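These notes are about the structure you will find just below.
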Amino acid sequence: MTKIIGQPLDRIDGKKKVTGSATYAADVEVANVLHAVIVTSTIAKGAITALDDAAAKKAPGVVAVLHHGNAPELPKAETRDGNQERVLQVLQDSQVYYSDQPIAVVVADTLEHAQAAAALVRTTYRAEAPIGQMKGQLATGYSPKKVGSEPTESRRGDLDIGWTLAEKKVSATYVTPVEHHNPMEPHATIAVWHGKTDLTIYDATQGVFGVRSRMAKIFGLEVQNVRVINAFVGGAFGCKGSAWSHVALAVLAAKAVDRPVKLVVTRQQMFAFVGHRPETSQTVQLGAKKDGTLTALVHDVHAETSQFDEFVESSALVSRMLYDCANATTSHKLVRLDIPTPTFMRAPGESSGTFAIESAMDELAVALEMDPLALRLKNYAALDPNSGKPFSSKSLRACYEQAAAKFGWAKRTPKPRSMTRDGKLVGWGMATATYPANMWPASCKVELRADGTALVLAGTQDLGTGTYTIMTQIAAETLGLPLDKVTFDLGDTSFPETRVSGGSTTASSVGSAVKVACERAKASLPAAVAAGKDRVIIEHKNEEKPQRKGYATHSFGADFVEVEVDEDLGEVRVTRIVAAFAAGKILNAKTGRSQLIGGLVMGVGMALEEHTVRDPRTARAVTRDLTDYHVPVHADIPDIDIITVDEEDTVVNDIGAKGIGEIGITGITAAIANAIFHATGKRIRELPITPDKVMA
């Protein structure tokens, strides 16, 4: 059998993307379409007392102006299932919960006419003073009921005993800021009604079935009468995982005017409408014996959420399973602010949580005068410390060894400020990366034809991660067909159902369904041909493998980083990264490397650049575009050396893949902060590490 899975094949959809022929949500050509523009609030807390739309309605090309005074009632707008659905603002009342909240929608014949008319809407408010930052509000924190599916708090052993045994102790608070996803493609929705009961939606989303179910509930439709289509996604990072207010507003506007409506969210509006990574304040306390053995671990998290909804940043979960410590507690608390609801952002919880625990481990290593890598190996967890379960596979030792050897870690001089180059301070830092190996139910349909061709369908999404390509590779190898004889299609709720593309689950969940469906189709074809048929059609739905419940399933990695620091300018440059990852089977070596590098690059931005500034007086984001909200560019990134450790894991799923979209951003922020400490002797515990903090 020709080996196709794992090969570094070019993206099947690559040519379409680079030639501009890939059709994104806002690109779909729909006859007779109108354009909608959202009008937003200028206050963050209070209520609308008057909204004057007279001038807007008289403006050229305007078809309708919708607001709380005239919008159709949507009694099921807040009917929600699960933690992926959000409370929406869909013009049902006059209340204002956050700055830039949608308060009206203008529909016109052209985008320009809609924009011009939207500027004519005049609103007066009864305003109240908002609270827009956690500073000074931590005492108001409350414990949510759950952190995803996990308990809010955890406790094992006896902390009093742990502190008694400790010969060295460290305690510090680490702060991560508000961050916004900013994918290249803004959120966009086209809504097309067919009569009063059937609806087609073209939406920039990570989950076509989630959009379908939410819109069906809100508008009182049978779910089978709603079709959601999304062939290509121009980046997402988590913000497109939920159906936000603008989706419902596009559908509402199309219903009100009885014509198709296109609504594209502006870059500035994306800082309010579609979630963000919440600010966290994390206190970590560690106690250890002189030989480095951990005796006590505490990780307490405060994170922001909105006044009207709840999202929990699960930052302490990582500390429950990463190191072998008999006495440990973790907790999560939320602080309500007058802000939009936060949401999942690449490696939610693990990215912010590893910054805290991995920085604290470095501080403990310094206090013990111990090598940071040696400290981690000393407390290596052979079993999951929290559940006591064995890991389905864990090649973290190999990650440490291979990355450290390639980086040259043994040559590091431990004393801060002891390494220089060309008049600049040089620092070396390292950290552990980890992310859960999740799997969700997913379905797939295979049509295998006697002429040696196949069509494979699954209603999943490709966020740019290579889903089109890797699913085609899995199908082709399993069926024993050349790659060009297999067509894989996705992004349509008329295809077999899958879950949201998030949590690094698509390869493991959909990939497993594709593999099993193709195996069954291949086995069934000979009998079908013998019976005079020219094809077989097999649909398969995978479920979680029962044996998974007896194991802890995680991916692991090790990041080694070199920085150069110019203290006079406060400039930090990452000059070298060597990172090793053990994440199960790599389905495409090329797209896999791209995903791991993408996570590391995003981690560089998280460590050194990314943060949303909110005016404490108005609770309004003031860094509202890519001029003010900084992300890494080519000049910020050195060559990145990626090592993938061979790992076969037959427990996690049928394909053996653990998912790699998110592990790359875990650990890397702490590795950079630790390298900066090694270079300068300054421990900076608040991200991003900007020049002013380096010079302070």
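Every number here is computed from the coordinates shown, using simple stated rules; none is lab data. Everything numeric here is computed off the predicted structure, so don't read it as measured data. So basically every Cβ, Gly included, is an ideal-geometry build from the backbone, and we count neighbours across all protein chains shown.
Could you tell me which of the pairs Lys145/Lys333; Lys76/Lys196; Lys3/Lys406 are separated by over 21 angstrom between their Cα atoms in the structure shown? All intermediate terms of the calculation are to be shown ahead of the outcome.
Values: Lys145/Lys333 10 Å; Lys76/Lys196 17 Å; Lys3/Lys406 29 Å.
Long pairs (Cα-Cα over 21 Å): Lys3/Lys406.
Where does the chain land at 222 nm, in deg cm²/dmol rounded to the nearest 500, when only DSSP H runs of n ≥ 4 count, each adding -39500 (n - 2.57), divided by all residues?
The per-residue figure over the chain is -7500 deg cm²/dmol.
Over all alpha-carbon pairs in the chain, figure out the percentage whose distance exceeds 35 Å.
Roughly 45 percent, rounded to a whole number.
If you place +1 on the Cβ of every Lys and Arg and -1 on the Cβ of every Asp and Glu, how big does the dipole about the Cα centre of the chain come out, in debye to the nearest 20?
Dipole magnitude for the chain comes out near 720 debye.
Given just the C-alpha atoms of the range 440-543, how large is their convex hull per residue in cubic angstrom?
Hull volume over Cα atoms, normalised by residue count, gives 82 Å³.
Test of understanding: ordering Val318, Val516 by Cβ neighbours within 10 Å, fewest first, what list do you get? Display every interim value, and only then the final one.
Numbers: Val318 30, Val516 20.
Placing the least packed residue first, the sequence is Val516, Val318.
At 7 Å along the Cα-to-beta-carbon direction for both Gln92 and Asp258, put a label point, then send me their distance in nm to one decimal.
2.6 nm
For the charge dipole of the chain, defined by +1 on Lys and Arg C-beta atoms and -1 on Asp and Glu C-beta atoms about the Cα centroid, which residue among Tyr24, Val514, Tyr629 has the Cα displaced farthest towards the positive pole?
Value: Val514.
Among Leu294, Ala256, Thr280, which residue has its Cα positioned farthest towards the positive end of the charge dipole of the range 250-296, with +1 placed on the Cβ of Lys and Arg, -1 on the Cβ of Asp and Glu, and the dipole taken about the Cα centre?
It is Ala256, whose Cα lies furthest towards the positive end.
Quick one: length gained pulling Thr140 to Arg683 fully straight, 0.36 nm per residue minus the C-alpha distance?
192.6 nm
For Lys406 and Lys289, FRET efficiency with R0 = 45 Å and r from the beta-carbon atoms, rounded to 0.05?
Given R0 = 45 Å and the Cβ-Cβ separation, E is 0.90.
Starting at the first residue of the range 415-426, write each ³J(HN,Hα) from the Karplus equation 6.51 cos²θ - 1.76 cosθ + 1.60 with θ = phi - 60°, in whole Hz, x for Gly and Pro.
Computed from phi, the couplings for the range 415-426 are 6, x, 6, 8, 10, 9, 7, 6, x, 10, 6, 10 Hz.
Taking Cα atoms of the range 144-275, Rg/Rh with Kirkwood Rh, to two decimals? Before the final figure, lay out each step's value.
Numbers: Rg = 21.8 Å, Rh = 17.8 Å.
Taking Rh as the inverse mean 1/r over Cα pairs, Rg/Rh reads 1.23.
Rounded to the nearest 0.05, what FRET efficiency do Lys3 and Leu377 have when you use their Cβ-Cβ distance and R0 = 22 Å? Let's see the in-between values first.
Numbers: r = 35 Å, r/R0 = 1.58.
It comes out at approximately 0.05.
When only alpha-carbon atoms count, how far does the range 14-59 stretch along each of its three principal axes, as whole angstroms with the largest first?
Answer, in whole Å and largest first: 52, 28, 12 Å.
For a distance above 16 Å, tell me the whole-number percent of Cα pairs in the range 207-311 that qualify.
Looking at the range 207-311, the distances longer than 16 Å represent 72 percent of pairs.
Between Rg and the Kirkwood Rh of the range 81-175, both from Cα atoms, what is the Rg to Rh ratio?
Rounded to two decimals, Rg over Rh is 1.20.
What whole-number distance in Å separates the alpha-carbon centres of the range 499-521 and the range 411-444?
The range 499-521 and the range 411-444 have Cα centres separated by 31 Å.
Using the alpha-carbon centroid of each, what span in Å lies between the range 270-335 and the range 348-398?
15 Å
Rounded to the nearest 0.05, what FRET efficiency do Leu626 and Ala523 give with R0 = 35 Å and r taken as the Cβ-Cβ distance? Could you check?
Working from the Cβ atoms, E equals 0.10.
Assuming 1.567 mPa s and 4 °C, estimate D for the range 527-574 with Stokes-Einstein, Rh taken as the Kirkwood radius over Cα pairs, in µm²/s. Present the calculation step by step, with values, prior to reporting the outcome.
Working: Rh = 17.9 Å.
Value of D from the Cα-based Kirkwood radius: 72 µm²/s.
Where the only charges are on Cβ atoms (+1 Lys, Arg; -1 Asp, Glu), what is the dipole of the range 169-318 about its Cα centre, to the nearest 20 debye? Intermediate values should be presented prior to the final figure.
Details: 14 positive and 13 negative charges, 61 e Å.
It comes to approximately 300 debye.
Roughly what % antiparallel, to the nearest 5, for the DSSP beta bridges in the chain?
DSSP beta bridges in the chain are roughly 75 percent antiparallel.
With charges set only on the Cβ (+1 for Lys and Arg, -1 for Asp and Glu), what does the dipole of the range 440-543 come to about its Cα centre, in debye to the nearest 20?
The calculated dipole for the range 440-543 is roughly 240 debye.
Quick one: net charge around Ala26, please, counting Lys, Arg +1 and Asp, Glu -1 for every other residue with C-beta under 9 Å from its C-beta.
-1
Can you give the Rg to Rh ratio for the range 284-415, taking only C-alpha atoms and Rh from Kirkwood?
1.03
Sort Val208, Val366 so the one with the fewest other Cβ atoms within 10 Å of its own Cβ comes first.
Going from least to most buried by this count: Val366, Val208.
Please give, to one decimal in nm, the separation of the simple spin-label points placed at Lys17 and Lys76, each 7 Å out from Cα toward the Cβ.
3.7 nm
Plugging the Kirkwood radius over Cα pairs into Stokes-Einstein for the range 1-124, at a temperature of 10 °C and a viscosity of 1.306 mPa s, what D comes out in µm²/s?
This corresponds to a translational diffusion coefficient of 89 µm²/s.
Determine, for Cys325, Cys444, the number of other Cβ atoms within 10 Å of each Cβ, and report the residues in order from fewest to most.
By the 10 Å Cβ count, ascending: Cys325, Cys444.
If you restrict to DSSP beta bridges whose two residues both lie in the range 440-543, what percentage is antiparallel, to the nearest 5?
75 percent
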